[in-house]
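Note sheet for the following structure.
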Amino acid sequence: MTGGTGNIVAPLPFPTAARRELADGQLRANLRRATHTIRDKRLRVVGEVPDWEALRRSGAAIKDDVLARMPELLEQFEAAAIAAGATVHWARDSTEACAVVTGLVQQTGSTEVVKVKSMATQEIGLNEALAEAGIAAVETDLAELIVQLADDTPSHILVPAIHYNRRQIRDIFASRMPGVDVASLTDEPAALAEAARRHLRAKFLSARVAISGANFAIAETGTLAVVESEGNGRMCLTLPETLISVVGVEKLLPTFRDLEVFLQLLPRSSTGERMNPYTSLWTGVTPGDGPQTLHIVLVDNGRTETLADPVGRQALRCIRCSACLNVCPVYERVGGHAYGSVYPGPIGAILSPQMTGPDAGANRTLPYASTLCGACFDACPVRIDIPQVLVHLRQRGVDARRGRPSAERTAMQAMSWVMRDRRRYAAALRAARRGSAPLRWVTGRRGQVRRLPWPLSAWTASRDAPLPAAETFRDWWAGRDRSTHGGGRS
Amino acid sequence: MTSASRTGGAAAGQGSARDEVLARIRAARPTEPVRVPRDYHTAPATGTPDAGQADRDRVELLIDRLVDYRATVRRCTPDGVTEALAELLGEVPTVVVPAGVPEGWLSAYPGGIRRDGDPDPLTVADLDAPGLAVLTGCAVAIAETGTLILDGGPDQGRRLLSLVPDHHLCVVRTDQVVGGLPEALARLADPTRPLTLVSGPSATSDIELDRVEGVHGPRRLEVLIVDG
């Protein structure tokens, strides 16, 4: 068993979870507005860059190079980071990663840590593991804080609280944020941001341990990079004595120079900005400046499983920009929670089932959470062909179940017997037309049935069934020939 | 480091997480070598062969981008720095400076000056005092993205200086301005120094995507561009 574990397993089949989310009209309105705003901004700033396609191709190739040389690059990164004063740890899966981090925090004696938003720590379920050990993890990104106070889970990679509007956020702060002045708290975003600032300031200034992820890990120099906007990242990376950075093994870039590609691709793709407000880069420890103890935890958790698939491994190029979410017609309607995993949207639909193996929870349903429209591929800054991988994973799923009986396969076999012979086929059509004649009369011009009886109800659960035509094409053709063009033949 | 050795620190032995992860990757990775194309622009097209004009365009672009981020920008000549800083800091009671900021810059400034020195470094509480501004230089500035890069050089100091006070004033010489990100990274003296890239003031768009300036980093970013 080398599959990944943690918060990347969908507890419910996607159609079930999606139906639940679709019932929330407020959610759909919030999502639609948000995704359209970000995607329009992204298009504008990407349009400013004349060499965007060249950057995308280079970005994809740099990441492919990382996948091909990963062991050497990891060893190079580890050696450089150690030489710069860091301690490097390795973890096979989420349980092991959580155990390493928990142990490191316990060694410091701290019972509270500040956290900068990190997909890797969400993936491994670190906050829950720390809580079990009696350690409070305080999320310091505004959206993560909202989600944490609401006892909810993030619904978007970049803007995790996108499913809440200002009114809802105000109510969450008023009821859950310690020490907040409820009487004067309005639902103005500036007032809410100010409340968060006051709430977190004391924590930043007193925290002794911080936990971060990393957007990039540079093999050549042992450098880590975090890209953010609010300054909460800089606070966590600068003020505490101890910093623990949890990093997926695929976050590598071979050289410092490679940042010139990724620091152009990432901000424009994710927030639609020319550059995010703050980017911090640190290499080991610097005496007198920033944390004096640095631990780096390199995490596999199913990444090597993903690497082993020649088609699917391109998912490991992902830099978590979330551009694919914002252009996805499915994500726009159902939101992030429907995907179950911390990785939602098109990238989640290929990443989660590959990292865990398709049979974990309901992850087998995720590759079907797509219309295959291809917008995600166009938006992806590292050219991950998400539709290709979706189809590949669907194929893999079907192949794995070949030979087992299923209603669909039985129906298809019967259909194939009927369609193999012209007379059988014509007779079946005649029977179908006769059988559906009363229905045609009932449905009138619509000519479609909304609900068929079981087992065909599985088909009509998400689509209407068309009725057979009143007349076959052959009959129509023959009739047309006789009546209107009867003498027309020369 | 008990947990480190148990779960595979650098020197861990057989059966460690490190060895196992590396072995898995060796078994799973593709074997084809990859060629990385580098045909993106490493220097932006400025549209003119006249170097002087290109420099002027670059500085104009930087100002445009900084203003777009709602930073405030002012320009002056090398002789005008002292006067410009005194005006910009007019209302500020105390300014913090890293050790390497030239004495002369603040000679016309009437308020208090606190220098972050090696024998007595300022504490976080010192820097969190209300009404404080910090004055730094920068290592390089990127016109296309409106980005200032601080690399901990003597006139920029420790990372917390430009982080904790609510007001950051950064002095940029026009010869430090480059067109794009590739040129900027290539100019850095040492990439292993603590680096901070600043593009506008602290901001969040987490609530209905409404941009709010000033969450945890400085709410005010002022840039003084010195022709030189």
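The values are calculated or read from the model by the stated rules, or taken from the named source; none is laboratory data. This structure is a prediction, so every number in the text was calculated from the model and none was measured. Note: ideal-geometry Cβ built from the backbone for every residue, glycine included; neighbour counts use all protein chains shown. Surface areas here come from the heavy atoms of the whole protein model, side chains and all, with no ligands, DNA or RNA. Shrake-Rupley method; radii C 1.70, N 1.55, O 1.52, S 1.80 Å.
Spacing of the modelled spin labels on A:R201 and A:E241, each 7 Å from Cα toward Cβ, amounts to 2.5 nm.
The distance linking segment A:21-86 with segment A:413-479 is 48 Å (Cα centroid to Cα centroid, whole angstrom).
At a probe radius of 1.4 angstrom, the accessible area of segment A:140-235 per residue rounds to 32 square angstrom. Going from the isolated chain to the complete set of protein chains, segment B:173-194 loses at least 40 Å² of heavy-atom accessible area (1.4 Å probe) at B:L181, B:P182, B:L185, B:P191, B:T192, B:P194. Total buried accessible area between B and A, probe 1.4 Å, nearest 100: 7700 Å². If you take all other residues with their beta carbon under 11 Å from the beta carbon of B:A28, and give Lys and Arg +1 and Asp and Glu -1, the sum is +2. Which residues of segment A:253-295 end up with at least 40 Å² less accessible area in the presence of all protein chains than when their chain stands alone, using a 1.4 Å probe? Buried-area filter returns A:F256, A:R257, A:E260, A:Q264, A:R274, A:M275, A:P277, A:Y278, A:T279, A:L281, A:T283, A:D289. Roll a 1.4 angstrom probe over the protein heavy atoms and tell me the percent of accessible area of segment A:301-432 that is carbon or sulfur. The value for segment A:301-432 is 57 percent carbon and sulfur by accessible area.
Summing +1 for each Lys or Arg and -1 for each Asp or Glu among the other residues whose beta-carbon sits under 11 angstrom from that of B:Q156 gives -1. Taking 4.7 Å between beta carbons as the limit, the unpaired Cys residues of chain A are A:C98, A:C236, A:C318, A:C321, A:C328, A:C373, A:C380. Can you say what percent of the DSSP beta bridges in segment B:79-228, counting only those with both residues inside, are antiparallel? Round to 5. Percentage antiparallel, nearest 5: 30.
I'd like the FRET efficiency for A:L439 and A:A79, computed as 1/(1 + (r/R0)^6) with the beta carbon distance as r and R0 of 60 Å, rounded to 0.05. Rounded to the nearest 0.05, the efficiency is 0.25. Label reach from B:R75 (point 7 Å along Cα→C-beta): in segment B:135-175, amide nitrogens under 14 Å belong to B:172-175. Using alpha-carbon positions, what is the distance between the centroids of segment A:205-237 and segment A:324-379, in Å? What the calculation gives is 28 Å, centre to centre.
For segment A:166-201, a drop of 30 Å² or more in accessible area on going from the chain alone to the assembled protein chains (1.4 Å probe) is found at A:R166, A:P189, A:A193, A:R197, A:R201. Neighbours of A:G357, meaning other residues whose beta-carbon lies under 10 angstrom from its beta-carbon, give a summed charge of -1 when Lys and Arg score +1 and Asp and Glu score -1. Carbon and sulfur: what percent of segment A:1-145's accessible surface (1.4 Å probe)? Taking all protein chains in place, segment A:1-145 shows 55 percent carbon and sulfur surface. What GluC sites (Glu not before Pro) in segment B:37-135 are in a loop by DSSP, with at most 13 other Cβ atoms within 10 Å of the Cβ? Those that pass, being in a loop and sparsely packed, are B:E91.
Once the chain from B:D128 to B:A23 is taken as fully extended at 0.36 nm per residue, the excess over their C-alpha distance is 32.9 nm.
Taking label points 7 Å from Cα along the Cα-to-Cβ direction, A:Y368 and A:E112 give a separation of 4.7 nm.
For A:R451 and A:T95, the FRET efficiency from 1/(1 + (r/R0)^6), where r spans their Cβ atoms and R0 equals 41 Å, is about 0.35.
Between A:Q413 and A:A23, the simple label model (points 7 Å from Cα in the Cβ direction) yields a spacing of 3.8 nm.
Charged side chains reduced to their Cβ positions (Lys and Arg at +1, Asp and Glu at -1) give segment B:139-221 a dipole of some 280 debye around its Cα centre. In this structure segment B:84-183 gives 34 Å² per residue of accessible area when probed at 1.4 Å with all protein chains present.
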